[in-house]
Amino acid sequence: MSLSGAVIAATARPAAQRRLVSPYNPANAVTASRFLTLPPFVWAVHHGYHQLATLFILICGLLDKLDGLVAKVFDCRSQFGEIFDAITDGICYGFALLLVAWYGWAPPLAVALVLGLGIGNTALRFVYARRAGRALNYKSYAMERVVAYTGYLVGFATSGMEVRFFYWLFVPIMAATVLHDAKRMLLDAVP
Amino acid sequence: MNVMSDVAFKWFITLLTGGLAGSWFVYDTINLLKLRGADGRDPLVRDKRFGYVMGLIIGVVGIIGCLRFHGVM
């Protein structure tokens, strides 16, 4: 089953077990609004406005925290929402990292390693969903922390805060987390 | 185009990073302590322990980065 098929199945099939949640809900709207921070972010980086670029990526990170809260308040948590949130994280932070590396604000090799590990982790999540036979977002306590750090990585680059220190220490942290999660997603039993 | 002075911005990002890293360190320390008596054979417990340890490491890295930024280390 393709992932999109699995998403539909997961949101439609367990109707008897749990409430059906429309993908057009306030939490997903907040998640989608994070993309709106990218054009001004690009503009700020292109013009060398470090403080504004930091501000826009900070807003993107705050919206990431806000969507979870909105989902709780409006009781609209769903498998689709979790996957959409993870995809949005990947696109926003991945794009922002590429951009700061392109403009020479971050070490390109460290960024390439981080993005490579991120893509590898995403591929593993697809494999995990296939093993489960449904859209199942793998919950990783370590990766939650690593993703938050990734958001900060962009901020370190835009603000010029100990860039090399933070980037090069992040690579082994992320590698260890991806290896740990790979073992769980590929070898351990699916719940 | 600046939102604030360079000195204010430096302190703003230091407090943001240091504040989050410090509270993260405390939060995951408490989480780890809560798991002391949990069954280590349970994959979920192992996953939580690993995640909290990563949180501790990230917290320490954040605090050290802030100190380096101000020339303390």
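Checking B:Gly40, B:Gly51, B:Gly18 one by one, the residue that is facing chain A (nearest Cβ under 8 Å) and either free of Cβ contacts under 8 Å to residues at least 40 places away in the same chain or touching a Leu at 6+ places or on another chain (Cβ under 9 Å) (or both) is B:Gly51 and no other. Of all residues in region B:15-73, those satisfying the criterion of being outside any helix (DSSP H, G or I) and more than 26 Å from A:Val178 (Cβ to Cβ) are B:Arg36, B:Gly37, B:His70, B:Gly71, B:Val72, B:Met73.
Looking across region B:1-15, just one residue is aliphatic (A, V, I, L, M), more than 11 Å from chain A (Cβ to nearest Cβ) and under 21 Å from the mean Cα position of the chain (by Cα), and that is B:Leu15. Taking the criterion of being in contact with a Lys or Arg (Cβ under 8 Å, 6 or more places away or on another chain) and surrounded by fewer than 18 Cβ atoms within 10 Å (Cβ to Cβ), the only residue of region A:163-185 that qualifies is A:Phe165. Highlighted here are the helices (runs of 4 or more DSSP H) found entirely within region A:92-191 that include at least 3 residues which are more than 29 Å from A:Leu55 (Cβ to Cβ) and either in contact (Cβ under 8 Å) with a residue 24 or more places away in the chain or touching a Phe, Trp or Tyr at 6+ places or on another chain (Cβ under 6 Å) (or both): A:108-132, A:163-186. Residues in region A:99-109 include none that are surrounded by fewer than 21 Cβ atoms within 10 Å (Cβ to Cβ), among the aliphatic types (A, V, I, L, M) and either within 14 Å of chain B (Cβ to nearest Cβ) or over 27 Å from B:Ile63 (Cβ atoms) (or both).
Do we have A:Phe95 as out of contact with any helix residue (DSSP H, G or I) (no Cβ under 6 Å at 6 or more places or on another chain) and among the hydrophobic types (A, V, I, L, M, F, W, C) here? For A:Phe95, the condition - out of contact with any helix residue (DSSP H, G or I) (no Cβ under 6 Å at 6 or more places or on another chain) and among the hydrophobic types (A, V, I, L, M, F, W, C) - is met. Among the residues of region A:119-147, those that are buried (at least 19 other Cβ atoms within 10 Å of the Cβ), at the interface with another protein chain (Cβ under 8 Å from one of its Cβ atoms) and within 30 Å of B:Lys10 (Cβ to Cβ) comprise A:Arg145, A:Val146.
Only the coordinates and a few stated rules stand behind these numbers; no lab work does. Quick caveat: nothing in here was measured; it's all calculated off a predicted structure. When we count neighbours, we look across all protein chains shown, and the Cβ atoms used for this are built from the backbone with ideal geometry, even at glycine.
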